[in-house]
Amino acid sequence: MKSKISRRRFIQGTLAAGAAAATLPSLSLVAGEVEHSTPSGITYTQNWCEMCFWKCGLTAKVVDGKVAKLEGQKDCPSNFGKLCAKGNSGVFQLYDPDRLQKPLIRTGERGSGQFKEVSWDEAIKYIAEKANGLKAKYGPETFTLFAHGSGEHSFVDLIHIMGSPNICIPSYSQCTGSRDIGWALTYGKPVGGKEPVDSENAKCIMLLGRNIAEALHVGELQDFINGCANGAYVIYVDPRYSKTAAKSNKYMMIKPGTDTALLLAMINYILVKEIYNKDFVENYTSGLEELREHVRQYTVKWASEITEIPEKDIIESAERLCAAAPHCYIHPGRRLTRYGTDTQFVRAIAILNALMGNWEQPGGIYRPVPLKLDTPHMVHDLERVEADRADGAGTDFPIASTDLGLANKMMQAIAEQKHPLKGMFVYGCNPFHNQGSTETVEKAIKASELIVTCEIYMTDTAWYSDVVLPESTYLERYDPIIITSRKSGYIQYREPAVKPLYDTLGGWEIAARLSKAMGYENHFMDVREYNKEFLDSIGLTEENMKKHGCLVGAEGDPFPVGSGAEPEFHTPSGKAELFSSMMDDLGYEALPSYEAPPMPKGDEFRLLFGRLSFHTHARTQNNAWLLALHHSQVDLWINSDRAKNLGIKNGDDVCIVKGDKKSHPCKAKVVDYIHKDAIFIPHGFGSVSKMLTRVVGVGARDSDFTSDVTDPVSGSAGFHNGFVKVVKA
Amino acid sequence: MKKKYAMAYIVDRCVDCKACMVACKAEWHVPEEDFRTHIDTGKSPDYTDKLRLHFLPHQCNHCDDAPCVTVCPTKASYKREDGIVSINQKICVGCKYCIVSCPYDARFFNHELGVAEKCTFCLPRIAEGLAPACVTTCPGNVRVFGDVNDPKSEISALLRDASEKHYKVWKLRQDLGTEPNIYYVQK
């Protein structure tokens, strides 16, 4: 039992933060320098982009006190001088009159949109009194937090100060949780947010719904496009021909929900044909014989019937990968919240990668180069709360991350009120769009006595909140310097390009004011003071950062195994675990099996959703520059044969229907390149908040129609078992 | 030798992310609903016979024999020495002849200013030694800009390389005799 606990702790540790190893005494000044001559009235300030979460380095050009243009920092390893459409539209966001401009306290019913503008003092006092009352009545665990974004730690620390462990970073359970758990079970560490796949040097790339071109992160896309240009053979598997499919050499339309069957058959084929990387598998993995025995049942013929992919394509994919090995990868995915079986799906991906022996090899999985620096703490004397959580992370789901929590299970816990969870804090995220069930969110909101949202826009969640705290955007505030690792380790600096346009504050200042008003004595550092102390400790100054924006501090070999080092895995066996001993210990299936998800019946469709290249989450849809790219039109992809049967023509207005719920109209995009079982809509539309003036009621809100199943291993959500009908508007 | 500015798109690298469109909009305060550059999607053949989508950027072709210049009654549209087709907004009367004459649909009417508008190859930026905004921002490095009369320029090197390696290189509607200066390169 003891060893189990220590293993669980170990997994927890691996997920906590970007693991770092080496230290570096000083930073070399190599990146990002501003070389412009500066005519009078023009200044340049440094930042990282907050239009998504990849954190591209950027320089803001300010002309006569107004941000005129944003451009990528030339040498920032996140984006090498480039910005995407979202990044470029940050200027519009800054000056968008739809932004929250003053603190608001609700005056009408929740969801009525009736608020009064108040001063910061009034808003802070109101929250402090309410929160202290809740704490006295229900205990400190009554508080929950859903937080995402560069400023999330401000509210994370605040909730710790308030005494609650119920902190959720939705990027785990609503996005990458199953992926990182499945990977860590196999390799001893999670994939990590910077996608360490070496597309540039890959000879073969296989993507299972990893839509790199549209779920766009600039650095990741650059590597991928360079890989394509360098001649990588790209195999793309998706029920839908996406823009990434357009860059592939082989597109395989898969019946949605059957990806694990495809992988297991490929694994079986590769083992039977003995075309795996024998040196790696024999020396550095464990469980080969168990795996071989287990996958014997999964023949190519069987998989072809299930996935609807021709046998020859499955075989060719397996052979192409093996021929390229170790300079190939099968992408571990990013948002893996599909069918409630995602951890085992990722286990199958991880195993297939292990058979390639691509660990820390060029063209395979690279090792991010760490930059380990001792950083100051924004909050002094912070005691992190270690009590049991209301969402079951660490208990019901023993290897789910307790640092990141289970946002899905927490929202259910608030709705169910088995514990008195009465005070909900939301920072920078939007549960009405990121949860699988809006009914659950509605119930949770009804059950809560205080809901506080800190945001830059009146999101759907803010619309239902009691207090709305307007945050300064990234172009108006300082934030603590961040450390990032890709093929080098670097620090990134954020300074305001302009003073706040409206009566807004940065997250850290808001958290500090709330903490003080609630009577806590913890000292919050001023962000600039933090940055100064940080920079002092590494011999740099604010001036260095103002000039360079981004500095590379650690360079190293991202392919140590390729260079001859022995692979090391922090797993219980010390090897890459094909057979997962930890899953075996915990009573989960130690080898992945195919479990068919529920399938649509009759005239139902499986609802799939995802990103467009030019929108992030549910955050950017109201941006007029981005809306103009698609004329505010929200497409609903539907298979041509199915559409014909329903009398739906391309361009028709159509609605999604499930039970008594009906979406706002979308435009039918009738194509033969989406699987007949599925429809697809872009994420983030169909908002109800009337203060998102350009998109209120535009398109469908996917979360009204998705499933909210739970992966039994990671505890993460599964959204793609939602079945809907489509009708003409 | 005189400069002759041109642009090439390495179309294999384009993913239709539309960063170019928004960077241009930001740079030039292009009216909200309009863009000076676009990306079209081509489809060949259909799904059953190996579907392939192609993403093809376009913008003003800065033609050597530009119909917009020919039809402009006030000479507001003119061809510069360096090859750039420009609009002198001060003498543009907003007659829209140029807009309808352009075979590339590169121009639109700016209702705020009452004049025709289009891509300028980011003239003030190139004067500062910067690349055009669309080139600078393009995450796929699709766009290559430069002086085709300078053999050392990146675009000259690309076109030379394309010719040596027999890449497919074309321009839009060359049959019209407009002599456009946007090259499409497919490896």
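The values are calculated or read from the model by the stated rules, or taken from the named source; none is laboratory data. Everything numeric here is computed off the predicted structure, so don't read it as measured data. A quick note on method: Cβ atoms are made from the backbone with ideal geometry, for glycine too, and the neighbour counts reach across all protein chains shown.
Any residue in the range A:64-89 that is touching a residue at least 24 places away in the same chain (Cβ under 8 Å) sitting within a Cβ distance under 6 Å of a residue that is of a type in the set (Ser, Thr, Tyr)? List the pairs, counting only those 6 or more apart or interchain.
As it stands, the answer is A:Gln73/A:Thr59; A:Pro77/A:Ser488; A:Pro77/A:Tyr490; A:Lys82/B:Thr137; A:Leu83/B:Thr137; A:Lys86/A:Thr616; A:Lys86/A:Thr620, since those pairs meet every condition given.
Is it the case that some residue within the range B:84-92 is surrounded by 18 or more Cβ atoms within 10 Å (Cβ to Cβ) and either outside any strand (DSSP E or B) or at the interface with chain A (Cβ under 9 Å from one of its Cβ atoms) (or both)?
Scanning the range B:84-92, I find at least one residue that is surrounded by 18 or more Cβ atoms within 10 Å (Cβ to Cβ) and either outside any strand (DSSP E or B) or at the interface with chain A (Cβ under 9 Å from one of its Cβ atoms) (or both), so the answer is yes.
Do the conditions hold for A:Tyr298, that is, is it touching a helix residue (DSSP H, G or I) at 6+ places or on another chain (Cβ under 7 Å), of a type in the set (Ser, Thr, Tyr) and not assigned by TED's automatic domain parsing to the domain that holds A:Ile159?
Details: touching a helix residue (DSSP H, G or I) at 6+ places or on another chain (Cβ under 7 Å): yes; of a type in the set (Ser, Thr, Tyr): yes; not assigned by TED's automatic domain parsing to the domain that holds A:Ile159: yes.
When the stated conditions are applied, A:Tyr298 passes them.
Restricting to the range A:408-430, name every residue that is touching a Phe, Trp or Tyr at 6+ places or on another chain (Cβ under 8 Å) and of a type in the set (Lys, Arg).
A:Lys409, A:Lys422
Give the residues of the range B:139-186 that are within 14 Å of chain A (Cβ to nearest Cβ) and outside any strand (DSSP E or B), sorted by residue number. Break it down stepwise before answering.
Initially, the range B:139-186 is screened for residues within 14 Å of chain A (Cβ to nearest Cβ), giving B:139-144, B:158, B:161-162, B:165, B:167, B:185-186.
Result: B:Pro139, B:Gly140, B:Asn141, B:Val142, B:Leu158, B:Asp161, B:Ala162, B:Lys165, B:Tyr167.
Checking the structure you have, find out if any residue of the range A:44-56 is over 25 Å from the mean Cα position of the chain (by Cα) and part of a strand (DSSP E or B). Step through it out loud before you land on a result.
The first filter runs over the range A:44-56 and keeps only residues over 25 Å from the mean Cα position of the chain (by Cα), leaving A:44-45.
Going one step further and asking which of them are part of a strand (DSSP E or B), we end up with A:44-45.
The answer is yes; a qualifying residue exists.
Among the candidates A:Tyr530, A:Tyr493, A:Tyr520, single out the residue that is in contact (Cβ under 8 Å) with a residue 60 or more places away in the chain and under 23 Å from A:Leu94 (Cβ atoms). Working first, answer last.
Details: A:Tyr530 fails: under 23 Å from A:Leu94 (Cβ atoms); A:Tyr520 fails: under 23 Å from A:Leu94 (Cβ atoms).
Only one candidate passes the filter, namely A:Tyr493.
Is there a residue being free of Cβ contacts under 8 Å to residues at least 60 places away in the same chain, under 22 Å from A:Ile638 (Cα atoms), out of contact with any Leu (no Cβ under 6 Å at 6 or more places or on another chain) and crowded, with 22+ Cβ neighbours inside 10 Å anywhere in the range A:213-231?
There is no residue in the range A:213-231 that is free of Cβ contacts under 8 Å to residues at least 60 places away in the same chain, under 22 Å from A:Ile638 (Cα atoms), out of contact with any Leu (no Cβ under 6 Å at 6 or more places or on another chain) and crowded, with 22+ Cβ neighbours inside 10 Å.
Would you point out the residue of the range A:379-433, among those that are assigned to a helix (DSSP H, G or I) and of a type in the set (S, T, N, Q), that is surrounded by the fewest Cβ atoms within 10 Å (Cβ to Cβ)?
Here is the first cut: in the range A:379-433, the residues assigned to a helix (DSSP H, G or I) are A:407-416, A:431-433.
After this cut, where a residue has to be of a type in the set (S, T, N, Q) as well, the list is A:408, A:412.
Numbers: A:Asn408: 31, A:Gln412: 24.
Per the stated criteria, the residue is A:Gln412.
Look at A:Lys661 and say whether it is more than 14 Å from chain B (Cβ to nearest Cβ), charged (D, E, K, R) and touching a Phe, Trp or Tyr at 6+ places or on another chain (Cβ under 9 Å). Before you say what the answer is, go through the steps one by one.
Details: more than 14 Å from chain B (Cβ to nearest Cβ): yes; charged (D, E, K, R): yes; touching a Phe, Trp or Tyr at 6+ places or on another chain (Cβ under 9 Å): yes.
So A:Lys661 fits the description; yes.
Any idea which of A:Phe53, A:Phe10 is modelled with pLDDT of 75 or more, out of contact with any strand residue (DSSP E or B) (no Cβ under 8 Å at 6 or more places or on another chain), away from chain B (no Cβ under 14 Å) and surrounded by fewer than 22 Cβ atoms within 10 Å (Cβ to Cβ)?
Details: A:Phe10 fails: modelled with pLDDT of 75 or more.
Sole residue among the options that is modelled with pLDDT of 75 or more, out of contact with any strand residue (DSSP E or B) (no Cβ under 8 Å at 6 or more places or on another chain), away from chain B (no Cβ under 14 Å) and surrounded by fewer than 22 Cβ atoms within 10 Å (Cβ to Cβ): A:Phe53.
Within the range A:624-668, work out how many residues are surrounded by 22 or more Cβ atoms within 10 Å (Cβ to Cβ), touching an Asp or Glu at 6+ places or on another chain (Cβ under 7 Å) and part of a loop (DSSP other than H, G, I, E, B).
Selection size over the range A:624-668: 1.
Does A:Val671 meet the test of being buried (at least 24 other Cβ atoms within 10 Å of the Cβ), touching a helix residue (DSSP H, G or I) at 6+ places or on another chain (Cβ under 8 Å) and not assigned by TED's automatic domain parsing to the domain that holds A:Tyr464? If you could, list the steps in order and put the result at the bottom.
Working: buried (at least 24 other Cβ atoms within 10 Å of the Cβ): no; touching a helix residue (DSSP H, G or I) at 6+ places or on another chain (Cβ under 8 Å): yes; not assigned by TED's automatic domain parsing to the domain that holds A:Tyr464: yes.
No.
Scan the range A:420-437 residue by residue and report those that are more than 23 Å from A:Ala123 (Cβ to Cβ) and out of contact with any Pro (no Cβ under 9 Å at 6 or more places or on another chain).
A:Pro420, A:His433, A:Gly436, A:Ser437
Mind checking which residues of the range A:318-366 are within 18 Å of A:His720 (Cβ to Cβ) and touching a Cys at 6+ places or on another chain (Cβ under 9 Å)? I'd like the intermediate steps shown before the answer.
We begin by selecting, within the range A:318-366, every residue within 18 Å of A:His720 (Cβ to Cβ); these are A:331-346, A:348-349.
Passing the criteria: A:Arg334, A:Arg335, A:Leu336, A:Thr337.
Between a first residue in the range B:108-136 that is within 11 Å of chain A (Cβ to nearest Cβ) and of a type in the set (A, V, I, L, M) and a second residue that is buried (at least 19 other Cβ atoms within 10 Å of the Cβ) and assigned to a strand (DSSP E or B), which pairs have beta carbons less than 7 Å apart while being 6 or more apart in sequence or on different chains?
B:Ala131/B:Phe145; B:Val135/B:Arg143; B:Val135/B:Phe145
Please pick out the residue among A:Lys82, A:Lys66 that is of a type in the set (Lys, Arg), surrounded by 23 or more Cβ atoms within 10 Å (Cβ to Cβ), out of contact with any Phe, Trp or Tyr (no Cβ under 7 Å at 6 or more places or on another chain) and within 14 Å of another protein chain (Cβ to nearest Cβ). Break it down into steps so the answer makes sense when it comes.
Details: A:Lys66 fails: surrounded by 23 or more Cβ atoms within 10 Å (Cβ to Cβ).
Criteria check complete, one pass: A:Lys82.
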